[in-house]
Amino acid sequence: MSRIGVFVCHCGTNIGGVVNVPEVVEAARHMPLVAYADANKYTCSEVGQASIRDAIREQRLDRVVIASCSPRMHENTFRRTVAAAGLNPYLLEISNIREHCSWVHSDSKDATAKAIDLVRMAVAKVARHESLLPKQVGLTKRALIIGGGITGIQAALDIASAGHEVVLVEKEPSIGGRMSQLDKTFPTLDCSACILTPKMVDVAQHPNITLLTYSEVKEVRGFVGNFEVDILKKAKMVDYVKCTGCGTCWQACPERIPSEFDMGLGSRPAIYIPFAQAVPNKPVIDIANCRYEKYLKWKETEEGPEPPQCRICEGVCPTEAIDRSQKDEIITEKFGAVVVTTGFKTFDHSVYGEYGGGRYPDVISSLELERLMSAAGPTGGEVLRPSDGSHPKNVVFIQCVGSRDDKVGRPYCSKVCCMYTAKHAIMLREHDHEVQCYVFYIDVRAGGKDFEEFARRAQDETGALYLRGRVSQIYQEGKNLKVLGEDSLIGRPVEIEADLVVLATGMEPSDNADLIAQKLNISYNTYNFLIEAHPKLRPVETQTDGIFVAGTCVGPRDIPDCVAHGGAAAAKVVALLSQDSLTTDPLTSIVDPMKCVGCFACKEVCPFNAIDEQVTRDKRTIASINESLCKGCGLCVVACRPGAVNLRGFTSQQLLSEVLTLVRG
Amino acid sequence: MSVDNGPLIIGFLCNWCSYAGADMAGTSRAAYPANIRIIRVPCSGRVDPLLIVKCFEEGADAVLVAGCHPGDCHYNEGNYYSRRRFALLRALLDFMGIEKERFQVEWVSASEGKRFAKIVTKFTEEMIERGSRKAS
Amino acid sequence: MHATAAEYDVSTRLVCQKLGVELRELEDWVCCGASAAHSTDHLLSLALPAHTLKQAEEKGLPLAVPCAMCFSRLKFTLHELENKDTLALVSGAVGKELSTAVTVKPMLQVLADEDIPLPIAKPLSGLKVACYYGCLLVRPPEVVGFDDAENPQTMDHLIERLGAEAIDWGLKTSCCGAGVAFARLDVVLKLSHRILSLAQKSGADCVAVACPMCHANLDMYQKDMTVKLGWKTELPVLYFTQLMGLSLGFSPKELLLDKHITNPLPMLREKKLT
C-alpha cells in the first residue's frame, strides 16, 4: 500500500487568496492512499522544501503530490526535494492550482472545488508512478561540422581548442565560404580576406582538426553522443600528399570555365583552386570540364567528334601528383555531436522581370559588385561595367531584392543588405570620387554596434542620394540604363540614368539545406532555414539532441553574429563532449514484449527513428525503443493496437485514472 | 465530480504549447469559467481517441484537446497525427450519438494565454447552452 | 473598330480571312464598361462583360478580343466569377446563369498561333519593328495569364515569322497613358514620348501595337510631342495585323495604311515594302 503525502501551497495569497487551502488539505486527507496532508505558505522556499523532506521521513511517505504552481515552473526543484529525502524523484506529481486555478477563477467556492478535483487527479496519478532511473550511455568525443564558412571555422577552432577532435566537412575545394568572396566588411571596412585567411590557416594547422574539403555528408545514423556519419569524399584527381600547391598545373590548364567564386564574372581553369588564399592550397580537377576527362567519357561511346586529349597538367606537375585513378569514396566516421553551418546563397534576381530579369549585363547583384571591388577579383579591384568595361559614374542601388517582398515569397528581412549597401556606397566613392550613388530603400535598418553611424556616413559624407521607394522598371537606353522609381517621401516618380545598377539580393539557405536537415532529422521552415530548439533561449540547439545549428543556415545574420553563433554552438558541443557519459531522460516509451505483435505501426509514426526491430528468444520480431533517441511524445502509444507500448510518466493507466477519478468523484 | 453548476469539461493539453498557454492565461490573469479540468499530456498526439470516448462514456459533458499549431509541434509532427485521428473520431462520436460539438480540438501556442481563456469561455458557454448530457 | 480604329478592324478581317480563321461577331455584344464602369460601380463593371461572355458561352465559341482594355475587363470578370458569391450576384444582375467556361484570348494570341501557317507573299525583310504590348494585355499576370508581364514574346515571334526583325527593347509593357487620355494630356505625351523615343533609339523603323488605345496615343500625338517635348522625327505606329496583311500580300490601301496620322508609307516605300 502506498503512503501518499499531499502538500498544498498557499503561495502567499496567490493561491490562498482564492482557494480555501485548509479545505483542500482536509479533502486530501480523505482521499484514497493519502497518509498525510499539509499546507505551506511558500512550498518552493527552503522552509517549505524542508517541511516536505521532514514529512517524507517522519511519515514514511513513498509518494508525493504538491499542489502549487505549474509543473513547468518547479517540477525539477521539487524532484530534487523528494530525492534529497531518499525518494525516487519520479514518484512526484504536481497539481497546478495556481496558473490553472486561483489565477483564472475569482469565485472561491468554484476554485476550491476545482483545486480539490485537481489534487484528487494528481493523487490517482501519483499512485501509479514508478521509480525511474536515468540511463547512462557512452559517447564519442568528436564533433562533425558541416560547412566551412566563417561560422563553421569558428566552431571548429573553438571545439578543437577545448581539446576535442573535429572533422570539418566542406563541399567546395576550399573552406572560407561566402566571407572569402567579400571585399571589405562593414562597419569597420576591414579587408575580409585579411581577417579570414589567418583563421582558415589555423583550421588547416590545428592538430585536432581534420579537414575534408570537396566532401559531403551522405547519411547520418545514431543519436546524441553516438552518431555514425557517411561522408562522400569526391575524387579530387590530385594526390594531396605529393602536391605542393605550386600552381604550375592550374597556370598550364588550357580550359576556361566561368568562375563560381567570381560569380561568373571571371574564369578559372579545369584544374583549379577557387581563389588565391584557398585552404587547402591544392587544386582539384573539375571532372565535368576537364578536357581529358571529357575525352575519356567520349571514348566509352565514341559518339560525336573526338575531343582533344590534353593531359597538360600531368605533364607539367613536378611531383607527379595528378592521380586519375581516384574515385569518389564514402567513409564512415563516428561523432558525439554535429554542428550544421551550411550557410547561405544570394537570391536569384532574375525572377524580377521589372529589373530586367537578368537580361541586362549592367544590372548586377551585390555579391557580383564585391567581386568587382576585390583586388583579387576578375578586374583586379577596378569597378568596371560588365557590358563594356567602362567606369560607371552613376550607380543605382536597389534594396530588398528578394527580401521583404511577399511577391517573390521572401517576406523576411535579410538583415545585412542595408549595411553592405552603405559600405558599397562608401567604397565606390573611395574607388572613384566622381561616382554618384543613388539608393532606393524601404527602411534603412542599421541596428548594431556602430551600424547607424556607418549608414549615416554613407548618406552624409559620400553624397549618396537615399530615395525612399521602390523601382518600378529598369530598361536599357543606348549604353545606359534608365531606372524608373518613386521617391515616396516627396510623392513623385523619379527617373535616373544609370551606368550600373546593383541589386541588394537577400539571403536564402544554401541549396539542399532541406536535404541535410532531413538527414539529421531536424526541422526547417518554408524557406529552408533550419529551426532552432527555441528562438530565444536555445538558439543553437535543435529538437534533436546532439545536433546544433549556427550561422546563416538558421536565418540571415552578419559576420560578427555568425562568429558569435559559431562560438555558441561550440560551447554547447564542448559541454556535451566534456561528459564521460550521457544521462537519458527516463520518461520514454517502453514496449511490453509479451503484448507486442511486431506490426511496427509504432515505427511508422515515430518522429525520431527511436524504434528498432528486435528478435526475441522465441524468434518473434518485436519493437524495441532506443531510449537515447526517444523523446517521450507518446505517438507510438496511441498507434499501438495491442496496447503493448506505454509512455512512462504518462501511461494509459495513469491518464485513465485521472479521467475516472475526476468523473466518478 | 464537483462541478456543482454546469457542465464538466475535460481538457487534454499538450505540455509544450497549450499547457504553457494555459499557464500564460494564469500569469496574465485571463479569467475563464471554472468548469474545465486540465490533464497534462506530452503531445496532443499522445491522446488516445478511445480515452476521449471513455470520457464521454463516464459522463463528461465535453472534451477539449489542445496542441501546438500545425508546424510548431515540439515533436515535429505529433499534432498532424492527432489532427487526422480526431477528424475520424468526430465522425465516430456522431455515430455513437454524442453530439460532435461536445468535442473540440484547438491549436493554442505557449504565448496565446488570452486566446486560451477565450476558447475555454466560449466552449463552456456553448456547453451550458447545450445542457448537461445526463439531463438530455 | 468601325470608326477611329477602322485600320485595325479592316486589317484583322483581311488577315483572318486569308488564314482561314473564321470570325463571328456576337450579335448583342455590349461595351465592356472600361474606365467608366470599373471606376464607379463594381457590379456593373462585372455585369457588362458577363453579358458578352454569356453569349460566347451560348455559342460555344472562344472569344477573340482585339482591344487590350476589353480583353482585360473580360478576363477580370472571369477571374472574379471564380468566387461563388460573386458568381451568384452577377448572375442575378445579368439575369442569366453564368459560368466561367469561356475561353477569352486577345486577337494577338489567336493570330500568333504557330499552328496556323502563314502564307507569306512578301517577307518584311529589313524592317525593324518595336513590338509594343501595352500594360493591359499582360497584366496582372494572375488574371490575364498571357505571356510574360515584363518581357513578352508573342508578338516578337510573330513579327519574326513575317520576315521582319523584332528589336529587343525595354518598354514593351509600359503604360502609354490611355487611362488619363482626356484628363491629363501632358501625362499621355510624356509617357508615350518615352516609349516612342526608346523604340527609335533602339533602332526601330516602326512600332507594332495590338490595341486601339495604344495606337491612338502613340500615333496621334506625335505632332504635339514635337511642339511640347521636342520630338524631332516621326515614327510610324502600325497594328500588328497591318504588318501581317502586308506580308500576306495585301496592298497598303486595302490595309488602310494611308489612314494613320503619322504616315508610314514613306518609310515602307524606303524599305521597298509597298
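The values are calculated or read from the model by the stated rules, or taken from the named source; none is laboratory data. In this text, all values refer to a predicted model and were calculated from it rather than measured experimentally. With ideal geometry, Cβ positions are generated from the backbone for all residues, glycine too; neighbour counts draw on all protein chains shown. Quick note on the areas: whole protein, heavy atoms, side chains included, nothing else; ligands and nucleic acids left out. Shrake-Rupley method; radii C 1.70, N 1.55, O 1.52, S 1.80 Å.
Observations on the model:
- Within region C:117-146, the set of residues being under 14 Å from C:ILE159 (Cα atoms) and of a type in the set (Val, Ile, Thr) comprises C:ILE120, C:VAL129.
- The number of residues in region A:382-418 that are surrounded by fewer than 24 Cβ atoms within 10 Å (Cβ to Cβ) and not in a loop (DSSP other than H, G, I, E, B) comes to 7.
- Of the residues making up region C:141-148, none is outside the structural domain of C:GLU160 (by TED's automatic domain parsing), open to solvent by 30 Å² or more (accessible area, probe 1.4 Å) and at pLDDT below 95.
- Test: residue in region A:333-351 that is within 14 Å of another protein chain (Cβ to nearest Cβ) and part of a loop (DSSP other than H, G, I, E, B): no
- Evaluated against (1) out of contact with any Pro (no Cβ under 9 Å at 6 or more places or on another chain); (2) outside any loop (DSSP other than H, G, I, E, B); (3) buried (at least 23 other Cβ atoms within 10 Å of the Cβ); (4) not acidic (Asp, Glu), C:LEU98 falls short on exactly one condition, (2).
- Odd one out for A:GLY147 among (1) open to solvent by 30 Å² or more (accessible area, probe 1.4 Å); (2) at positive phi: (1)
- In region A:455-483, the residues that are part of a loop (DSSP other than H, G, I, E, B), within 21 Å of A:GLY402 (Cβ to Cβ) and open to solvent by 40 Å² or more (accessible area, probe 1.4 Å): A:ARG470
- Among all residues of region A:431-454, there is at least one that is at pLDDT below 95 and not in a loop (DSSP other than H, G, I, E, B).
So that you can scan it fast, the table gives a plain yes or no per residue for (1) at the interface with another protein chain (Cβ under 10 Å from one of its Cβ atoms); (2) touching a Cys at 6+ places or on another chain (Cβ under 7 Å); (3) surrounded by fewer than 20 Cβ atoms within 10 Å (Cβ to Cβ):
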residue	(1), (2), (3)
A:LYS619	no, no, yes
A:SER628	no, no, no
A:LYS631	yes, no, no
A:LEU655	yes, no, no
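- Within region A:437-490, being touching an Asp or Glu at 6+ places or on another chain (Cβ under 7 Å) and among the polar types (S, T, N, Q) holds for A:SER472, A:GLN473, A:ASN480.
- Residue within region A:562-580 that is of a type in the set (S, T, N, Q) and not in a loop (DSSP other than H, G, I, E, B) present: no
- Residue within region B:56-74 that is at the interface with another protein chain (Cβ under 7 Å from one of its Cβ atoms) and either open to solvent by less than 30 Å² (accessible area, probe 1.4 Å) or of a type in the set (S, T, N, Q) (or both) present: yes
- Filtered by the rule that a residue be farther than 30 Å from A:LEU500 by Cβ and without any contact (Cβ under 8 Å) to a residue 24 or more places away in the chain, region A:320-371 gives a lone residue, A:SER325.
- Conditions (1) farther than 30 Å from B:PHE116 by Cβ; (2) crowded, with 24+ Cβ neighbours inside 10 Å; (3) touching a Pro at 6+ places or on another chain (Cβ under 9 Å); number of the one not met by A:GLY5: (3)
- Which numbered condition A:SER51 misses (of (1) touching a residue at least 40 places away in the same chain (Cβ under 8 Å); (2) hydroxyl-bearing (Ser, Thr, Tyr); (3) more than 14 Å from chain B (Cβ to nearest Cβ); (4) surrounded by 22 or more Cβ atoms within 10 Å (Cβ to Cβ)): (4)
- Residue tally, condition part of a helix (DSSP H, G or I), open to solvent by less than 30 Å² (accessible area, probe 1.4 Å) and closer than 23 Å to C:THR4 by Cβ, over region C:188-211: 6
- Unmet criterion (only one of (1) at pLDDT 95 or above; (2) over 30 Å from C:THR274 (Cα atoms)) for C:TYR133: (2)
- The criterion of at least 2 residues that are among the acidic types (Asp, Glu) and touching a residue at least 24 places away in the same chain (Cβ under 8 Å) is met by the following strands (runs of 3 or more DSSP E) wholly inside region A:172-275: A:215-223, A:226-233.
- Residues in region A:315-346 that are among the charged types (D, E, K, R) and within 30 Å of A:SER581 (Cα to Cα): A:GLU333, A:LYS334.
- When region A:266-307 is filtered for residues that are of a type in the set (Ser, Thr, Tyr) and open to solvent by 30 Å² or more (accessible area, probe 1.4 Å), the ones remaining, listed by number, are A:SER267, A:THR301.
- Any pair with Cβ under 7 angstrom, 6 or more apart, that starts in region A:102-116 at a residue that is within 7 Å of chain B (Cβ to nearest Cβ) and ends at one that is among the hydroxyl-bearing types (Ser, Thr, Tyr) and assigned to a loop (DSSP other than H, G, I, E, B): A:VAL104/B:TYR32; A:ALA113/B:SER2; A:ILE116/B:SER2
- Positions within region A:359-381 being open to solvent by 50 Å² or more (accessible area, probe 1.4 Å) and touching a Ser or Thr at 6+ places or on another chain (Cβ under 6 Å), in sequence order: A:PRO361
- Condition check for C:GLY60 on (1) on the phi < 0 side of the Ramachandran plot; (2) modelled with pLDDT under 95: one failure, at (1).
- Out of B:ALA30, B:ALA20, sole residue that is assigned to a loop (DSSP other than H, G, I, E, B) and either touching a strand residue (DSSP E or B) at 6+ places or on another chain (Cβ under 7 Å) or facing chain A (nearest Cβ under 9 Å) (or both): B:ALA30
- Against the numbered list (1) more than 8 Å from chain A (Cβ to nearest Cβ); (2) over 12 Å from the mean Cα position of the chain (by Cα); (3) open to solvent by 40 Å² or more (accessible area, probe 1.4 Å), B:TRP107 comes up short only at (2).
- Taking region A:495-514 as the range and being under 26 Å from A:ARG410 (Cα atoms), of a type outside the set (Ser, Thr, Tyr) and in a strand (DSSP E or B) as the test, the residues that pass are A:LEU500, A:VAL501, A:VAL502, A:LEU503, A:ALA504, A:MET507, A:GLU508, A:PRO509.
This table checks each residue for (1) at pLDDT 95 or above; (2) among the hydroxyl-bearing types (Ser, Thr, Tyr); (3) open to solvent by less than 70 Å² (accessible area, probe 1.4 Å).
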{"site": "C:THR86", "(1), (2), (3)": "no, yes, yes"}
{"site": "C:VAL90", "(1), (2), (3)": "no, no, yes"}
{"site": "C:LEU127", "(1), (2), (3)": "yes, no, yes"}
{"site": "C:LEU158", "(1), (2), (3)": "yes, no, yes"}
{"site": "C:ALA166", "(1), (2), (3)": "yes, no, yes"}
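- Inter-residue pairs, beta-carbon under 8 Å, first touching a residue at least 12 places away in the same chain (Cβ under 8 Å) and in region A:140-157, second of a type in the set (Lys, Arg) and in a strand (DSSP E or B), 6+ apart: A:THR140/A:LYS334; A:ARG142/A:LYS334
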